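Notes follow once the structure below has been shown.
The values are calculated or read from the model by the stated rules, or taken from the named source; none is laboratory data. Computed from a predicted structure; not experimentally measured. Using ideal geometry, Cβ is built from the backbone for each residue, glycine included, and neighbour counts are taken over all protein chains shown. Note: accessible area is taken over every heavy atom of the protein model, side chains too, but ligands, DNA and RNA are not part of it. Shrake-Rupley method; radii C 1.70, N 1.55, O 1.52, S 1.80 Å.
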Amino acid sequence: MEYEPLSERRPPVVPPTRSSRRLLRWVWPALAALLIGAVTGVAVAAAIHVPRVEALGGDYRPSLVTQLFDKNSNVFTTFAHERRVMLKQSEIPKVLQEALLASEDSNFYQHGGIDALGIARAALTDIRSRKVKEGASTITMQLSRTLFLSRERTWRRKVEEAFVAVELEKSYTKQQILTLYLNLVNLGHGNYGVEAASRYYFGKPATRLTLPEAAMLVGIIPAPSRYSPYRTPDLMRKQRDRVLRRMLEERYITQADYDRAVAQPNLVVPQQAEQTFAPYFSEEVRKFLEQSYGDTKLYEGGLQVQTTLDPQIQKAAENAIRAGLLKIDHRRGWRGPIAEVKEAEIESQQLPTWDQGKPVPGRWYQGLVLESGAKVASVRIGKETYALGPEGIAWTNRKQPGELLKRGSVAWFRFEIPQPKAPAGAKADKTPPPAASSAEPRLMLEQEPRMEAAALVLENQTGAVRAMVGGWDFDRNKFNRITQARRQVGSSFKPFVYGAAIEAGWTPADTLLDAPTSFIGADGKLSYRPENYYHKHYGIVTLRRALEQSINVPAVKLFELVSGKRVVDFAHRAGIQTPLPTWPSIALGAADLVPMEVASAYATIANQGTHVEPYLIERISTPDGQVLLPQHFPATYLSFRPPVAYVLTHMMEGVVDHGTAYDIHDLPIDIAGKTGTTNDYSDAWFVGFTPHYTILTWIGYDVKRSLGAGMSGAVAALPMWRSIAEDGLATGWLKKGDTFQVPPGVLLKDVEYYSGLLSDNGTRVIKEAFVAGTEPNRQYNPQWSTIASLPWYQQKAFYIPKEGENMPNKANPPGQPEPPPTPGPADTPATEPPPPI
């Protein structure tokens with residue numbers, strides 16, 4: 001049987017008809033498109049990573065601002081990469097939502113994340129321009145970019161946006177997307193989210209935004225760096241009006257609403273260069289937060305930090321330090337301009353402080369001198385020119401501005417509101433001066449002090465740091481002299497010597513002989529020979545008088561008699577943490593100590609012997625209320641018994657009442673303290689305490705050098721302390737009439753001041769405090785007044801040396817030349833003590 005070949009079995013090829021050819025022309029492109037689409041989809045899926053958007057519902061936390069709160073629960077400092085305050089869905093005003101939809105995405109509620117018509121329009125524009133020019137991103141696509149993607153203008157990024165937008169729309173409601181967008185969007189000048197922006201630009205929460213204000217915020221969105229109501233106000237107004245016009249077109253507002261809104265100017269609050277309040281305090285807190293929780297948590301975690309800062313006390317301390325430094329610096333005269341600008345550059349010159357907005361009284365600005373004559377100088381600050389008259393240079397002791405400045409000179413200036421004089425015959429305390437708000441600010445010439453100063457205010461009973469000023473200017477130098485500096489404390493160390501003596505059984509009425517004396521120094525020889533401030537000696541002196549007048553030789557004698565080891569132990573128990581040697585020079589403050597530990601140790605004395613560790617932070621929590629650091633509980637321990645602390649306090653009150661700190665004796669509150677001065681006047685201190693606060697002031701150069709002859713603690717540091725205390729008494733944080741409470745175990749006796757003996761009719765009788773059982777039993781003899789008037793070497797015959805007391809060198813009797821004394825720190829009262837009672 002024969003078979004046909006297979007090829008011969010195939011049916012004959014039929015030529016295609018016209019209709020079949022037409023069908024093929026439509027089918028083949030469709031099939032090709034499907035094939036290309038499938039291949040492209042596989043390629044895109046492999047190339048593009050779509051993040052898991054469902055994570056937004058759980059793990060996602062936007063970058064939030066860490067806030068520091070003062071003791072009144074007001075924010076005074078923030079730390080953040082982005083300034084943001086999150087709002088709930090119900091807190092976003094309707095007018096703001098409508099402005100956003102009209103301007104950025106009018107089809108928001110109709111599309112599923114991608115606006116096809118908008119993309120087609122944008123694609124056509126991009127093809128014509130041959131580059132990515134128009135975005136046509138929906139609100140959801142913009143949110144996708146903010147959350148997960150970069151801001152590069154490429155087709156790849158646009159495709160990624162589309163994929164993520166679709167996923168967002170599937171996972172979240174439209175209102176959730178809108179709320180998240182308005183909380184994250186960049187609105188310029190470091191503000192992210194509508195709440196932070198509303199507070200920054202308008203000084204109010206977003207819930208109170210008006211129609212033109214809401215339109216302005218939305219107008220910033222397309223280009224936050226370009227649209228600024230401060231830098232480009234005209235451009236910003238056009239952008240705001242564009243948003244209003246879109247709202248009119250979308251029928252969110254009426255024509256009347258539109259007309260009223262566009263007629264209003266962009267009224268934003270004026271912005272000054274940001275000045276951080278309490279910057280040294282804030283930096284101490286910032287360092288703790290960074291060390292404890294890390295950089296990310298600090299700048300993005302929105303930590304809520306309750307601190308101990310009292311804004312009223314902090315302001316008083318800052319004002320006192322600045323005024324005190326300026327007063328001392330002004331005494332040294334004018335040092336000259338900080339720079340000179342060439343003639344050709346004067347008209348075009350811009351100075352760093354000129355971007356701070358309108359000048360504010362009290363702030364400092366760099367000024368450029370345009371003209372300088374015999375009576376007045378013309379100074380340009382920003383866009384304005386101001387006159388500098390004779391009253392603005394009075395502190396320089398020059399009468400003509402031309403003697404100090406010339407055309408092209410650059411110097412610091414300050415605006416001051418002149419204080420009107422009280423009417424003739426009016427009493428300052430009863431007739432307030434008329435208001436000065438209408439007075440024109442007066443331009444004052446200034447110069448930055450080269451020296452530094454610091455202040456600290458501690459609450460005695462709690463250890464809370466209520467104020468901290470670490471230097472003249474945080475921007476000039478971030479070194480905190482309260483917590484980081486180590487300085488010689490001079491005579492402000494002496495209270496620890498006398499405190500150890502009281503604890504060992506000595507009393508304020510005990511006496512020592514103040515006379516030229518040699519002590520074994522660090523070299524093991526009799527090489528240490530301290531001298532007193534006035535280079536003279538007083539003979540027999542009580543411990544009280546020696547402390548009040550800051551007499552050096554008795555302090556060193558007492559140090560040796562009590563034992564250096566016991567004094568150092570007493571200082572450490574009080575709060576001094578620095579290791580201390582037992583050399584006799586330590587009695588006069590030869591050790592370098594940190595001001596914080598000095599103030600803490602004084603606060604222990606004020607707190608009747610109970611030491612409380614200083615602290616700055618009360619509580620730390622997260623934005624959702626999770627407590628990271630619970631409410632602070634004071635770390636305390638008993639350093640020494642209350643009677644010892646009170647007797648020492650009573651002696652230190654004498655430093656103020658008739659000693660080296662006499663210049664503050666008139667303040668109507670109990671004050672105890674001690675001045676401190678190093679032997680070359682490189683450091684000046686006053687550490688004083690009231691029943692509730694310990695206040696420390698210090699002044700010196702960072703690189704140790706003399707402040708100048710006579711710049712003792714009483715002259716340089718005490719006036720700043722007084723200024724802080726006067727503010728406290730005026731504003732109420734220091735209570736007038738506040739007194740130190742006498743604890744059990746203390747007796748008060750009438751004694752004669754110079755001899756320390758019991759008396760009710762001596763030359764000068766005072767109330768003296770004694771630890772019970774240590775009070776004297778000898779009565780005062782009038783002959784003591786005669787003995788006290790003799791020179792020290794004649795008084796010596798009436799003095800019975802204490803066991804182990806170093807006495808004057810017999811090789812150098814009175815009238816013979818004495819070996820040169822070892823310089824020692826001392827303090828002198830700013831005024832002579834009052835006459836004997």
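Among the residues of region 685-700, not a single one is in a helix (DSSP H, G or I), within 22 Å of residue 483 (Cβ to Cβ) and out of contact with any Cys (no Cβ under 6 Å at 6 or more places or on another chain). Does at least one position in region 230-243 carry a residue that is under 33 Å from the mean Cα position of the chain (by Cα), open to solvent by 10 Å² or more (accessible area, probe 1.4 Å) and without any contact (Cβ under 8 Å) to a residue 24 or more places away in the chain? For region 230-243, residues under 33 Å from the mean Cα position of the chain (by Cα), open to solvent by 10 Å² or more (accessible area, probe 1.4 Å) and without any contact (Cβ under 8 Å) to a residue 24 or more places away in the chain: present. Please enumerate the residues belonging to region 705-724 that are outside any helix (DSSP H, G or I) and open to solvent by 10 Å² or more (accessible area, probe 1.4 Å). Hits for region 705-724 are 705, 706, 708, 709, 710, 711.
Within region 694-709, residues that are more than 23 Å from residue 664 (Cβ to Cβ) sit with their Cβ atoms under 6 Å from residues that are open to solvent by less than 10 Å² (accessible area, probe 1.4 Å) and of a type in the set (Asp, Glu), at 6+ positions apart or across chains, in these pairs: 702/452. Within region 383-412, the set of residues being of a type in the set (Gly, Ala, Ser) and in contact with a Pro (Cβ under 6 Å, 6 or more places away or on another chain) comprises 409, 411. Any residue that is surrounded by fewer than 17 Cβ atoms within 10 Å (Cβ to Cβ), modelled with pLDDT under 50 and under 26 Å from residue 326 (Cβ atoms) - is there at least one of those in region 410-430? Scanning region 410-430 turns up at least one residue that is surrounded by fewer than 17 Cβ atoms within 10 Å (Cβ to Cβ), modelled with pLDDT under 50 and under 26 Å from residue 326 (Cβ atoms).
Test residue 552 against the criterion of being surrounded by 23 or more Cβ atoms within 10 Å (Cβ to Cβ) and either of a type in the set (Phe, Trp, Tyr) or within 22 Å of residue 795 (Cβ to Cβ) (or both), and give yes or no. Criteria met by residue 552. Of all residue pairs spaced 6 or more apart or on separate chains, those with beta-carbon atoms under 6 Å, a first member in region 174-201 that is farther than 16 Å from residue 92 by Cα and a second member that is assigned to a helix (DSSP H, G or I) and among the hydroxyl-bearing types (Ser, Thr, Tyr) are 191/200. Given the criteria open to solvent by 10 Å² or more (accessible area, probe 1.4 Å) and within 26 Å of residue 581 (Cα to Cα), does residue 517 qualify? No.
From the list 622, 660, the one residue that fits, being of a type outside the set (A, V, I, L, M, F, W, C), closer than 25 Å to residue 750 by Cβ and in contact (Cβ under 8 Å) with a residue 40 or more places away in the chain, is 660.
Of all the residues in region 289-325, those that are on the phi > 0 side of the Ramachandran plot and open to solvent by less than 20 Å² (accessible area, probe 1.4 Å) number 1. Out of all the residues in region 589-602, which are open to solvent by 10 Å² or more (accessible area, probe 1.4 Å) and either part of a helix (DSSP H, G or I) or not charged (D, E, K, R) (or both)? Matches in region 589-602: 590, 591, 594, 596, 597. Of the candidates 178, 184, the single residue that is in contact with a strand residue (DSSP E or B) (Cβ under 9 Å, 6 or more places away or on another chain) and either at pLDDT 70 or above or closer than 25 Å to residue 260 by Cβ (or both) is 184.
Every test in (1) in contact with a helix residue (DSSP H, G or I) (Cβ under 6 Å, 6 or more places away or on another chain); (2) buried (at least 19 other Cβ atoms within 10 Å of the Cβ); (3) in a helix (DSSP H, G or I) is passed by residue 188 save one, and that test is (3). Applying the condition of being touching an Asp or Glu at 6+ places or on another chain (Cβ under 8 Å) and open to solvent by 30 Å² or more (accessible area, probe 1.4 Å) to region 439-468 and asking which residue is farthest from residue 71 (Cα to Cα) yields 442. The set of residues from region 212-233 being part of a helix (DSSP H, G or I) and touching a Phe, Trp or Tyr at 6+ places or on another chain (Cβ under 9 Å) comprises 213, 216, 217, 219, 220. Kindly indicate whether any position in region 534-550 is closer than 30 Å to residue 771 by Cα, in a loop (DSSP other than H, G, I, E, B), within 35 Å of the chain's Cα centre (by Cα) and not aliphatic (A, V, I, L, M). Yes: one or more hits.
The residue that is farthest from residue 187 (Cα to Cα), among those in region 244-277 that are open to solvent by 50 Å² or more (accessible area, probe 1.4 Å) and among the aromatic types (Phe, Trp, Tyr), is 277. Return the only residue of 476, 481 being under 39 Å from the mean Cα position of the chain (by Cα), open to solvent by 10 Å² or more (accessible area, probe 1.4 Å) and of a type outside the set (A, V, I, L, M, F, W, C). Just a single option satisfies the conditions, and that option is 476. Taken over region 168-185, the residue count meeting the criterion of being assigned to a helix (DSSP H, G or I) and touching a Ser or Thr at 6+ places or on another chain (Cβ under 8 Å) is 5.
Of all the numbered requirements in (1) of a type outside the set (S, T, N, Q); (2) surrounded by fewer than 24 Cβ atoms within 10 Å (Cβ to Cβ); (3) more than 16 Å from residue 97 (Cα to Cα), residue 201 misses one, and that requirement is (2).
Considering region 382-409, and only residues there that are in contact with a helix residue (DSSP H, G or I) (Cβ under 7 Å, 6 or more places away or on another chain) and open to solvent by 10 Å² or more (accessible area, probe 1.4 Å), the residue that is nearest to residue 347 (Cα to Cα) turns out to be 382. Applying a threshold of 8 Å to beta carbon distances and a minimum spacing of six or more residues, or different chains, the list of pairs starting in region 784-795 at a residue that is closer than 17 Å to residue 764 by Cα and ending at one that is part of a helix (DSSP H, G or I) reads 787/795; 787/798; 788/795.
Residue check: residue 200 meets all listed conditions (1) assigned to a loop (DSSP other than H, G, I, E, B); (2) within 31 Å of the chain's Cα centre (by Cα) but one, namely (1).
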